[in-house]
Amino acid sequence: MTWPPVSSEDSRELREAEAEQAAADDARPRHGRDCADGWLGEDEHGRPVPCLTCRPHLRPRGDRP
């Protein structure tokens, strides 16, 4: 495939790929804007902060149901 698409077949493939990517993005949980693949960034010491919705196994023992 060339860029920009020069045939209708190339354009159709691009539209299908964009639709598949959009469907995959919609399938991800949308619980917080700061969450990136289960991580919320870093703390003041540079350590990664886990998203406890995505990584519930990292909850402190006292917070587990």
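The values are calculated or read from the model by the stated rules, or taken from the named source; none is laboratory data. The shown structure was predicted, so the numbers you read here are calculated from the model rather than taken from an experiment. Virtual Cβ from ideal backbone geometry, glycine too; neighbours counted across all protein chains shown. The accessibility values were calculated without ligands, DNA or RNA, using every heavy atom of the protein model including side chains. Shrake-Rupley method; radii C 1.70, N 1.55, O 1.52, S 1.80 Å.
Observations on the model:
- R59 paired with E42, simple spin-label distance in nm, labels 7 Å along Cα-to-beta-carbon: 2.8
- Of D43, D34, the order by accessible heavy-atom surface (1.4 Å probe, DNA, RNA and ligands excluded), from most exposed downward, is D34, D43.
- Ranking by accessible area, most exposed first, for C54, C35 with a 1.4 Å probe: C54, C35
- With all protein chains modelled, accessible area of E16 [1.4 Å, Å²]: 90
- Approximate spin-label separation E18-H31, in nm, with each point projected 7 Å along Cα-to-Cβ: 3.2
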